[in-house]
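Trainee: Would you mind keeping the following structure in view while I ask a few things?
Nothing in this text is a laboratory measurement; each read-out follows from the coordinates by a stated rule. For clarity, every value in this text was computed on a predicted model and none was experimentally measured. Cβ sites come from the backbone with ideal geometry, for glycine too, and all protein chains shown count toward neighbours.
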């Protein structure tokens with residue numbers, strides 16, 4: 001679907017995709033004042049929908065918006081699925097919900113109620129399977145992911161990730177790993193990071209600056225329930241380079257295995273098993 005085709009939902013009303021909707025005074029445009037949620041829809045069902053709506057509601061409350069409970073209401077889910085259907089994407093779709101505070105300067109906010117924008121796109125069915133070709137990554141050092149009370153939120157302030165993605169494209173990489181101010185691994189541009197070292201699965205803890213990913217949370221729950229050794233901790237770049245396996249997770253593709261980071265190469269023994277056991281059933 002071309003950008004000019006299809007429809008979007010802005011504050012409960014349907015418009016064509018090319019409709020101009022925000023003013024130059026929009027606080028999200030000016031300051032990155034807002035958040036977003038990315039979801040996957042299969043056959044009219046949102047994957048891990050309860051977790052997504054809970055995270056969105058919690059994030060909106062943390063950012064001090066009013067009426068945050070709206071995002072856990074049946075009506076909001078209904079609006080999302082209606083848009084997916086209207087765009088002819090009921091079989092498989094990517095959904096993005098963007099929240100913005102609206103117009104105003106830094107100290108003169110007009111209101112604290114959230115404006116919301118719902119958009120949907122077609123997804124290639126290959127996103128439901130494990131990637132055949134391993135990803136090639138490197139470590140990006142020019143912009144750091146902060147570690148504070150908001151760093152785990154999916155904020156509209158996405159500058160460090162945007163710059164990292166530009167660098168990845170320049171270097172012909174599939175993605176990059178970002179560091180926090182303490183030279184530890186935070187996450188990738190659109191994914192959480194897992195490594196396997198000495199038989200232990202490790203992922204950066206939330207206090208390391210990573211986004212609190214839905215698939216990350218789900219996978220951690222499943223691993224712990226199965227008694228598979230896993231640890232949320234700090235991870236150094238050296239540990240990544242010395243690991244036997246590296247993989248990334250997010251809501252759209254589940255798990256993707258990494259073939260190379262810098263000059264280090266990896267196997268893919270665990271990622272296929274984890275995908276088949278925990279992610280594939282969600283994507284049926």
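Trainee: Over the chain, what is the relative contact order in whole percent, taking alpha-carbon pairs under 8 Å and six or more residues apart? Provide the component values of the computation, followed by the final result.
Mentor: Values: 556 pairs, mean separation 50.1, N = 284.
Rounded, it is 18 percent for the chain.
Trainee: Rounded, prolate or oblate: which one fits the range 66-141, using the alpha carbon gyration tensor with axes a ≥ b ≥ c (rounded when a/c is under 1.5, else prolate when a/b beats b/c, else oblate)?
Mentor: The shape class here is oblate.
Trainee: Something else now. Provide the FRET efficiency to the nearest 0.05 for the residue 142-residue 29 pair, computing r from the beta carbons and using R0 = 30 Å.
Mentor: Working: r = 24 Å, r/R0 = 0.81.
Between residue 142 and residue 29 the formula returns 0.80.
Trainee: Using mean Cβ contacts within 10 Å as the protection proxy, how do 16-25, 236-245 order, highest first?
Mentor: Sorting 16-25, 236-245 by mean packing, highest first, produces 236-245, 16-25.
Trainee: Jot down the radius of gyration and Dmax of the range 13-96, Cα atoms only, both in angstrom.
Mentor: That works out to 14.0, 38 Å for Rg and Dmax.
Trainee: Shape call for the chain from the C-alpha gyration tensor, a ≥ b ≥ c root eigenvalues: rounded (a/c under 1.5), prolate (a/b greater than b/c) or oblate? Intermediate values should be presented prior to the final figure.
Mentor: Values: a/c = 1.78, a/b = 1.41, b/c = 1.26.
Here the chain falls in the prolate category.
Trainee: Would you compute, from DSSP H runs of 4+ residues alone, the mean residue ellipticity of the chain at 222 nm, taking -39500 (n - 2.57) per run and dividing by the full residue count, rounded to the nearest 500?
Mentor: Calculated at 222 nm, the ellipticity per residue is -7000 deg cm²/dmol.
Trainee: Report the residue, chosen from 233, 98, 189, that carries the largest GNM mean-square fluctuation when the chain is represented by alpha-carbon nodes joined by springs under 10 Å.
Mentor: Sorting by GNM fluctuation, first place goes to 233.
Trainee: I want to check the label-to-label distance for residue 73 and residue 10. Put each point 7 Å from Cα in the C-beta direction and report it in nm to one decimal.
Mentor: 2.1 nm
Trainee: Separate question: Cα centroids of the range 46-114 and the range 116-132: how far apart, whole angstrom?
Mentor: Cα centres, the range 46-114 to the range 116-132: 18 Å.
Trainee: How high is the relative contact order of the range 7-123, in percent, counting Cα pairs under 8 Å that sit 6 or more residues apart?
Mentor: On the way: 195 pairs, mean separation 43.0, N = 117.
In percent, rounded to a whole number, it is 37.
Trainee: For the range 125-182, what is the relative contact order in percent, using Cα pairs closer than 8 Å and at least 6 residues apart in sequence?
Mentor: For the range 125-182, the relative contact order is 53 percent.
Trainee: Say each of residue 133 and residue 149 gets a label point 7 Å from the Cα, pointing the same way as Cα to Cβ; how far apart are those two points in nm?
Mentor: Taking the two extended label points, one gets 4.5 nm.
Trainee: Could I have the simple spin-label model distance between residue 158 and residue 170, label points 7 Å from Cα toward Cβ, reported in nm to one decimal?
Mentor: That separation, rounded to one decimal, is 2.0 nm.
Trainee: Among 113, 152, 52, whose mean-square fluctuation peaks in a Gaussian network model of the chain (Cα, cutoff 10 Å)?
Mentor: Greatest mean-square fluctuation among the candidates belongs to 113.
Trainee: Starting from the Cα of residue 234, move 7 Å in the Cα-to-Cβ direction to define the label point; list residues of the range 143-165 whose amide nitrogen is under 14 Å from there.
Mentor: Flagged as within label range: 147-148.
Trainee: Turning to a different aspect of this structure: Just to confirm the number: angle between the C-alpha axis of helix 49-62 and the first principal axis of the chain, 0 to 90 degrees, nearest 10?
Mentor: Value to nearest ten degrees: 70.
Trainee: Continuing with the same structure: So how tilted is helix 214-225 from the main axis of the chain? Cα-based, degrees 0 to 90, rounded to 10.
Mentor: Roughly 50 degrees between the two axes.
Trainee: If one takes the longest principal axis of the Cα atoms in the chain, at what angle in degrees, from 0 to 90 and to the nearest 10, does the Cα axis of helix 159-170 lie?
Mentor: The angle comes out near 60 degrees.
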